[in-house]
Every structure is written in structure tokens, then in C-alpha cells.
Amino acid sequence: MSGPVTPQLVFVHGVGGLRDTEQQRREWLEALADGARRAGHSDVISGLTQGWLAETRFANYSDLFTDAEAQGEAAGVSHGPEDTTFLEEFVTALVDELGHQAQESDDKRASAIVEDARAQLPGVDDEQEQGAGESFRILGRALTSLLQVPGLRRSAQWASGLPLLWHLSQVGRYLGRGRAADGGAALDVRIRERVLRGTDPERPLIVVAHSLGTVVAFEALRDYGGRVPLLMTLGSPLATATAVLHRLVPQPPRTPARVERWLNFWDRDDVVVGRPRIEKWMLPNADGVLPVTERVDSDGLWVHTATKYLRQSDVAGPLVEALKK
């Protein structure tokens, strides 16, 4: 008689620079172990870190963004019209979101900062007079102003708008679906292949995705044939309707067919995340599964990191319980 099947746990990272696969896998596991301890699951700590609770893999696609084009974007000098259009839509959505939050809380200081950032956004007439590079710098300045909102100033890992804008441009590059310069597979195809590489459809697959990785995982799972007991999305831009939702494949967006449960977590001080609307804009799969969104509140700096989310007991608890089934 065969024993229980060890589940697969795949971590899918988001925006940022080059990553060390094994180091990141350890850091995410250590954060999850910390969260599991806080959630009352100290009995599984060794199982997480030593690998007998789940076979854990960190799906690293960061090198795919570090070609010559990406280096130009990092310097703020290489942007086409499609890149600029996406970034303008994304930054405008962030401004609108933070403005709405400021109104809800009657925070006059935050409202004033948001309106200052809004006034810096390029208009239609501006776009006819300036190139993509100048638009990039203008958007960077608007984001720099936006990062002065009190909650973001305490928690954001970006000191100014340009580094944040470069990271956001990775979302646009993924959604751009452009062909490779050498005629090979498009960037988004190669990224999704990294996520599913080595997975075994005969064993349950649990996916924990962060930031841009939530978009990648959502699309990667659409044709996956194995069981997915849990999809967990952290700090996701999927709810950014004007910039992200209508660019997803397939349209209209729906929960991937084999996903049995979808938990989505957001932090109010995470600048990349809009309010939880995913369940309103996502169609259910054939089993009626829709994302369930919960808010977490992190303390200190660098809120938009996967490890911040994984250390939350509300995040780690249901993840560990899914692994133990």
C-alpha cells in the first residue's frame, strides 16, 4: 500500500531585480515557518524547513527581465508607447485608489498629497509634446509625491518613484505579450513555463504567488491539468481593472479550472495593491470557486514583500492547513 502523496508547493515571486533561487526559497520558507508558529502550527516547522511536509520550489524568472531592454528601462531611457500607456494607466489607478482611501478615512493631508500627485500626471496634450522617456520621468515624479502619503512613507521600500516605476514596468512588459527579438517565445510564455517547470499533475499543487507573480500564476494555471487545492495571492495587482484586468488571458477572466480554493491577501499600506475587488470582477470556475479576500496589517518597513505577508498568522495558517491535508 502506498503512503500519502507529498504535495508540491511553488513560490512565485513578483517585481524586482535578479534573485538567488535557493536563497529566496529559504527566506520564503523561513517567513512561512515564522507565520506558522504564530498561527499555532509549531509542529510543522521542521517539516516546512526540512522538506518532508511539501516539496518546495521557488519559480525564479527574474533573469528574463535583465536583458539589454530591461537595463535600458532601469536607467529610464528605453520605453515605447505601449510601455508608457500601461504605466500611465497603472499610476493613475494607484492615484485614484489612494485618493478614495483618503476620502474614506477623511485624511485631509493624504488627500492633498494625492491631488498634488494627480496634478503631475501627463495629460493628452502633454503626450503629444513629449517622448516616452519624458513621460517616464513625469510619472516617476508623480509617484515620488504619492509615496509621501503617511502610511506609504512609513512602509514603502521605495525612496522615490523612479525605482518603483521601473518595477511596475515589469508588469507591463509581461502583459505586453511581445515576441522575443530572436524570434523565440514571448516573454510571458517563457515566464509561465518557469512556474510550471517540474510540476507533477499527479500530485496536488499549492501555489503561493506575490505581486506580478499573482498575474503569472493566474495565467499559468488556466490550462494546468492537475489538482490545485489552494491558490494564494499576496499583494496582487489583479484588481487594478483599468491597467491589468482587461489585459489578462483569457477574457473575461475566470478562476482557473482546477483551483479548489483561492485566498487573496492585501495590506492597505501596500502601494501596488488596490482594494479587494477581484471576486467582483472574476468569473467562477465550473466548481463555483471565486477568490476570497482578507486584509492584513503589517508593521514597519517594506510592506510590499512576500515575506511580510507570509509572516502573518492569517496567511500562514490556512496555507499550512492545506499542506497537512
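Just so it is clear, none of the values below were taken in a lab; they were calculated from the coordinates. Small disclaimer: the values here were computed from a predicted structure and weren't measured. As a convention, Cβ positions derive from the backbone with ideal geometry for all residues, glycine included, and neighbour counts pool all protein chains shown.
So, in Å, what gap is there between the alpha-carbon centers of the stretch 1-55 and the stretch 206-258?
Computed from Cα coordinates, the inter-centre distance equals 20 Å.
Among 11-22, 40-51, 199-210, what's the highest-first ranking by average C-beta atoms within 10 angstrom per residue?
Values: 11-22: 18.2, 40-51: 15.2, 199-210: 20.2.
The densest-packed peptide leads the list: 199-210, 11-22, 40-51.
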